[in-house]
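J.: Here it is, the structure in full.
The values are calculated or read from the model by the stated rules, or taken from the named source; none is laboratory data. Everything quoted here is computed from the prediction, not taken from an experiment. Every residue, glycine as well, gets a Cβ built from its backbone with ideal geometry; the counts of neighbours run over all protein chains shown. Each accessible area value is taken on the protein alone, full model and side chains, heavy atoms only, with ligands, DNA and RNA left out. Shrake-Rupley method; radii C 1.70, N 1.55, O 1.52, S 1.80 Å.
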Amino acid sequence: MKAVGASLPRYDGIDHVTARSRFVDDFSLPGMLWAKAFRSPVASARIVRLDTTRAEAMPGVHAVITHADVPNNVVGHQEVWGIAPDEPLLAEHEVRFVGQLIAVVAAETEAEALDAVQAIELELEERIPFLDVRNAWDAGQPQVTPDGNVFFYYPDQPQRQIRKGNVSEAFAAADVIVEGVYRPGAIEQAPAEPAAALAIPEPNGRVTIHSTSQALYYSMDITARHLRMPMGMLKFVGGTVGGGFGGKIDTKTEPITAVLALKTQRPVKWRHTREEEMLCSTTRAAWHVEIADAVTHDGWILGRKTLTLHDAGAYMMTSAYACSKHAFHLAGAYSIPAVAFNTFVVMTNHVPTAAMRGFGVTSASFAVETHMNRIAQVIGMDPWELRLKNANRVGDSSPSRVVYGNPSTVSTLLAAAEAADVELPPDERAMTNAKRSGALLPAHLVEQQREPVTHPLVWRDNHPALEGGV
Amino acid sequence: MALRRGRGIATIEYPTGMNQGGDPSQAWIKVKPDGHVDVFSGTVDVGQGSKTVHTQIAADMIGVPYDTVTMNNFDTDTSPVSFGTFASRGTFIDGNAIAVAAYRTRQRLLEVASRMMEVDPEDLEIADGDVAVHGAPERKVSVAEVAATASWTYGEMIAGSGAWMFPHVEPDKETGECEPHAAISYASCVADVEVDDETGEVRVTKLVQVYDVGRAINPTLVEGQIQGGAVMGLGLALLEESYPYYPELSHRGPEFGAYAVPGMADLPELKNVALEDPDPVGPFGAKAVGEMANNAQSPAIVAAIHDAVGVWVTELPARPERVLRALDESRQPRRDGRRVIYDEHLAVAAVSTAENRAEGAWRFPLVSE
Amino acid sequence: MKLVVNGKERLVAAGPLTPLLHVLREELGLVGAKAGCQHGSCGTCTVLIDGEPRRSCLTPVGAIEGASITTAEALGDPANLSVVQAAFDEHYAAQCGFCTPGMLLAATALIERKGGALERDEVVEALGGHYCRCTGYVKIVDAVVAASRGETGTRAPSTLEIRAAGS
């Protein structure tokens, strides 16, 4: 019997329904300490004084750590892609968002750790936060980072840009230019299981870390860099996680508990409260997307110009990645021969934003598709027809010049129409994903066409990865 | 007051694997002397079901029953690199690494069986846990016998390792030119809504969704992604926001309730269709579905609201206050020659002051320029 | 103080204001009830107190001295699943599994109370306060309805319509 294609039982189905699946918070050890965090109450401030002496003397307290206890405090989530590190694990001389980690206590019980957190003394010199991405280049605005409020992809070019075709000609030739602004908000990943970690110092100097990470190796790499330890000294345990949706890429609980475990030589567990999940950990970014399309009366999109401002929050996290990814998808599932996309990562004093399901593209899809529906309204065309006409087809090329080999925009549209009992005219129902020709190949789409990449592979028999030995 | 009905459509595409690639996954497999197969992968199962799907891939690639395979993804000492469970890469990239490891494990089983049976390995096939001669299915040995013979008679190990990566690409600085993804998935969504034009409340009554997933390795798990994604998409369209007065910081919701998430009562009628257009590179033709599953609903719902009450809500979520405001203001686009300009009050030009823009050495390019 | 937990009398050392959730997880080692929000807004910590579903994170143990507590661990084991557990497995009602123990107990109590076949809206009304981020709730409602009708023993077929993409 073939397994692939069959709705076989979930591998972990019985474990789940008998409550035997073990999540990080379900592990405890004798002598284990509990961690609780002391966080910034304001969105932007200089730290004038931080005093943990009283907290350290509280009952049950074994350690209070600040940035000075972290071997390598500033690490980045995108160093692997060459983006400079900018995220302190624990705040040093300033705080940039409400909820930023400043110090963490490890104590015998969660309650004792919380009491000690409340005994930490902090004096701040508050600053006006910078919040609206649209003001990022205006004079006199508060500066989120010493390098300003806009990230630079290149020393002389802040934006990720996509350019294809002749945009000026496209706009000159347009019958109508439709412009709109799209602003999907920041939201929480909100998995049912809050982030948690349990770090255990091993007798041989290694540290075992039970982690809710969505990416054990990725989080191990970040933790190893904070600790200045080789990855071989760490062992990450996980793989069974109570939902992630992007929120469990943010690697904070692992290095914090590891630092505490090494300092106290006791196992240390930290589980986020729901408030910490909601208010202090990363969100999906808020986006600001402006689109202008050059359109003909008969429903061809000749060209598109866009401006995107991505609200990265106070530290970079994975924003440069997200904003690049976003840029590649601003034509949506359509073939637009002339485009000029400009996408910017803007730093603000919001909580740092990071991955969430559909990362970078959810915002592009919302903007592009709402804009398509508006274009249909402006030119008085059925939104199905507008989509089916412009839908990418075999041999069309994307804004970054990927040649579509097997697009299925047309087939998903036709299947959706059928499933929703939408009556489409026969000529639309007869459309396919096949290479454009005839009435579907107007002059403006000729030049962007390429020879479709043909894949002669039969997956199982001659997959390129299967060449060569073990 | 009236309940007004509307319908909207959206079509989306979504890449498989990390943008610009460079995200490796690796796997290794060993076969116990009784023929049981142990797969080791660094993939994290966040609930989407990667343990299940990866076990299915390994079972079929080797040719053994599903329930003779264990999936070991619990620590970094035993499991090799997976770049992570994100970017809709689990089935495709981790899956390909596991498939390659399984293919090589199968080759080892064939080699050993060939010696045992004195038959050329090319003339052997493995299915349902048996190694048999092509065209002579009665001439067979079980995978368990092969594994036992390898261990106890030949003193050999049966194992295989595999890796898969879409190599990293750098986009051109000026044009962005590059091929940034391993595959693309597509989807269309039709949303039906009811809008109360007095309270501004929007209720999604039905979502029809079609996803091209390449190949549904486990149809029920694909359906689980589509159902879960639908409700998450509904949440971001209508309910959820971390900053209710964005960009201001006030009134953030610290808990469920104060932060509105979709509950059981928000569940609309769902009709889900999966198209299978096998991907030439994905394992058994599969490509991504997980992440894209919450992308198509919000534009379809916003279009349906427009269809119902004639206003465009382009700041999400479209909560009652925003719908009512849009109805009160009933903004029309400004027309200027050929230009039809919506949302002018939200644009960069409207917020960032003119004198500042003139002073700066560099400024955001306006879309209209 | 004493509690009867999954049929066994247990002595509890924690103070009277300690949430039952913490007593179960940290003192008695029963980790089926989860700390999803710890203030009663998600349902992952639900247990049965004298047969009624209650949020253990909001229940101080001092208020339930002598009560009978049922946690998900007691519903059934892999070889002998309860009807609700079997239905959840057969309907793929658990994805990440974190909300599952609370859902199972609430569903068990609901089915007990109703004593017969449930309609979907009854399930939504009774279990509506339980949060799940993964499933979109469809298969959870399916499973509870099926369990209430005793329709278990076979794996629920996928309702996903699969077609070859025409090109």
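J.: Each label point is 7 Å from the Cα along the Cα-to-Cβ direction; what then is the distance between the points at B:Lys206 and C:Asp50, in nm?
T.: 4.7
J.: Which residue fluctuates the most in chain B, going by a Gaussian network model with Cα springs under 10 Å, if the choices are B:Val351, B:Val44, B:Val31?
T.: Highest fluctuation among the options: B:Val351.
J.: Okay, moving on. Can you tell me the accessible area per residue over the protein assembly as shown, all protein chains present, probe 1.4 angstrom, in square angstrom?
T.: Result: 33 Å² of accessible area for each residue.
J.: State whether the range C:84-156 is rounded, prolate or oblate according to the following rule on the C-alpha gyration tensor (a ≥ b ≥ c being the square roots of its eigenvalues): a/c under 1.5 gives rounded; otherwise a/b larger than b/c gives prolate, and the remaining case gives oblate.
T.: oblate
J.: Right, another one. Which of rounded, prolate or oblate describes the protein assembly as shown when judged by the alpha-carbon gyration tensor and an a/c cut-off of 1.5?
T.: It comes out rounded by the Cα gyration axes.
J.: Rounded to the nearest 500 deg cm²/dmol, what is the calculated helix-only ellipticity per residue at 222 nm for chain A, with -39500 (n - 2.57) per DSSP H run of length n ≥ 4?
T.: It lands at -6000 deg cm²/dmol.
J.: Here's something else I'd like to know. If the cut-off is a Cα-Cα distance under 18 Å, which lysines reach A:Lys269, setting aside same-chain residues fewer than 8 apart in sequence?
T.: A:Lys36, A:Lys235, A:Lys248, A:Lys252, C:Lys34
J.: At a Förster distance of 51 Å, what's the computed FRET efficiency of B:Tyr154 paired with C:Thr154, Cβ-Cβ distance as r, to 0.05?
T.: Working from the Cβ atoms, E equals 0.70.
J.: Could you calculate the FRET efficiency of B:Ala265 with B:Gln332 from 1/(1 + (r/R0)^6), where r is the beta carbon distance between them and R0 is 41 Å, rounded to 0.05?
T.: Efficiency, from the Cβ-Cβ distance: 0.70.
J.: How much mean residue ellipticity at 222 nm does chain C get from its helices, if each DSSP H run of length 4 or more adds -39500 (n - 2.57) and you divide by all residues, to the nearest 500 deg cm²/dmol?
T.: -7500 deg cm²/dmol
J.: Follow-up. Once R0 is set to 56 Å, what does the formula 1/(1 + (r/R0)^6) return for the Cβ-Cβ distance between A:Glu418 and C:Leu17, expressed as a FRET efficiency to the nearest 0.05?
T.: 0.40
J.: Using a 1.4 Å probe on protein heavy atoms only, how many Å² of accessible area do B and A hide from each other, summed over both chains and rounded to 100?
T.: 12600
J.: Moving to a separate point now. For chain B, which semi-axes, largest first and in whole Å, follow from the square roots of 5 times the eigenvalues of its Cα gyration tensor?
T.: Working from the Cα gyration tensor, I get semi-axes of 53, 23, 18 Å.
J.: When Lys and Arg each count +1 and Asp and Glu each count -1, what net charge do the other residues less than 12 Å away from C:Lys34, Cβ to Cβ, add up to?
T.: Charge balance in the 12 Å sphere: +2.
J.: Separate question: Does a label point 7 Å from the Cα of A:Glu447, set along Cα-to-beta-carbon, have any residues of the range A:338-378 with amide nitrogen under 12 Å, and which are they?
T.: Residues A:338-339 qualify, since their backbone N sits under 12 Å from the label point.
J.: Nothing charged except the Cβ atoms of Lys and Arg (+1) and of Asp and Glu (-1): what's the magnitude of the dipole of the protein assembly as shown about its Cα centre? Round to the nearest 20 debye.
T.: Dipole about the Cα centre, nearest 20: 360 debye.
J.: Another question about this same structure. If you fit an axis through the alpha-carbon atoms of helix A:409-419 and take the longest principal axis of the Cα set of chain A, what angle between them do you get, 0 to 90°, nearest 10?
T.: Taking the Cα atoms of chain A, the angle to A:409-419 is about 90 degrees.
J.: Among C:Val124, C:Tyr92, C:Gly102, whose Cα projects farthest towards the positive end of the dipole of the range C:83-148, with charges put on the beta-carbon of Lys, Arg (+1) and Asp, Glu (-1)?
T.: Final value for the positive-end residue is C:Gly102.
J.: Express in whole angstrom the spacing between the alpha-carbon centres of the range A:417-457 and the range A:62-118.
T.: 54
J.: Sticking to Cα atoms, compute the Rg of the range C:45-167 to one decimal and its Dmax as the biggest Cα-Cα distance, whole number, in Å.
T.: Cα radius of gyration and Dmax of the range C:45-167 are 16.0, 68 Å respectively.
J.: Tell me what chain B gives for mean residue ellipticity at 222 nm when only DSSP H runs of n ≥ 4 count, each as -39,500 (n - 2.57), the sum divided by the residue total, rounded to 500 deg cm²/dmol.
T.: -8000 deg cm²/dmol
J.: Right, something else. What aspartates and glutamates does B:Lys206 reach when the alpha-carbon gap must be under 13 Å and sequence neighbours fewer than 8 apart in one chain are set aside?
T.: The qualifying aspartates and glutamates are A:Asp421, B:Asp192, B:Glu194, B:Asp266, B:Glu269.
J.: With both bridge residues required to lie in chain B, what share of the DSSP beta bridges run antiparallel, to the nearest 5%?
T.: Just about 80 percent of them are antiparallel.
J.: What residue among A:Thr223, C:Thr18, B:Gly8 has its Cα farthest toward the positive end of the dipole of the protein assembly as shown, where the charges are +1 on Lys, Arg and -1 on Asp, Glu, each on the Cβ?
T.: The listed residue farthest towards the positive side: A:Thr223.
J.: Report, to the nearest 10°, how far helix A:216-227 tilts away from the longest principal axis of the Cα atoms in chain A, using its own Cα long axis and a range of 0 to 90°.
T.: With both axes taken from Cα atoms, the answer is about 50 degrees.
J.: Let me ask you something else. Determine the distance separating the Cα centre of the range A:214-232 from the Cα centre of the range B:1-52; give it in Å without decimals.
T.: The range A:214-232 and the range B:1-52 have Cα centres spaced 23 Å from each other.
J.: To the nearest whole number, what is the average tally of beta carbon atoms from other chains within 10 Å of the beta carbons of peptide A:190-201?
T.: The mean count of partner-chain Cβ atoms within 10 Å per residue comes to 5.
J.: Now a separate question. To the nearest 100 Å², how much accessible surface do chains A and C hide from each other in total, with a 1.4 Å probe?
T.: 3000
J.: Additional query: Equivalent ellipsoid semi-axes for the range B:25-109, as square roots of 5 times the alpha carbon gyration tensor eigenvalues: give them largest first, rounded to whole Å.
T.: 20, 12, 12
J.: Here is a further query. Counting Lys +1, Arg +1, Asp -1, Glu -1, what net charge surrounds C:Arg55 among other residues with beta carbon under 15 Å of its beta carbon?
T.: My count for the surroundings of C:Arg55 gives +1.
J.: OK, next. Across the Cα atoms of the range C:2-74, what radius of gyration and what greatest pairwise Cα-Cα distance (Dmax) are found, in Å?
T.: Answer for the range C:2-74, Rg first and Dmax second: 10.6, 29 Å.
J.: With angles folded into 0 to 90 degrees, how steeply does helix B:320-329 sit against the dominant principal axis of chain B? Use alpha carbons for both and round to 10.
T.: Relative to chain B, helix B:320-329 is tipped by roughly 40 degrees.
J.: Let me check I've understood the local charge: for B:Val340, count other residues with C-beta under 15 angstrom from its C-beta, Lys and Arg +1, Asp and Glu -1. What total comes out?
T.: Summing Lys/Arg as +1 and Asp/Glu as -1 gives +1.
J.: A further question follows. Taking GluC sites (Glu not before Pro) that fall in a DSSP loop and have at most 14 other Cβ atoms within 10 Å as cut points, what is the longest piece of chain A between them?
T.: With a cap of 14 other Cβ atoms within 10 Å, the longest stretch comes to A:1-422.
J.: Roughly speaking, to the nearest percent, how much of chain B's 1.4 Å accessible area is carbon and sulfur?
T.: Reported share for carbon and sulfur atoms: 49 percent.
J.: Here's something else I'd like to know. Classify the range A:304-361 as rounded, prolate or oblate, taking a ≥ b ≥ c as the square roots of the eigenvalues of its Cα gyration tensor: rounded when a/c is under 1.5, otherwise prolate if a/b is larger than b/c and oblate if not.
T.: The shape class here is prolate.
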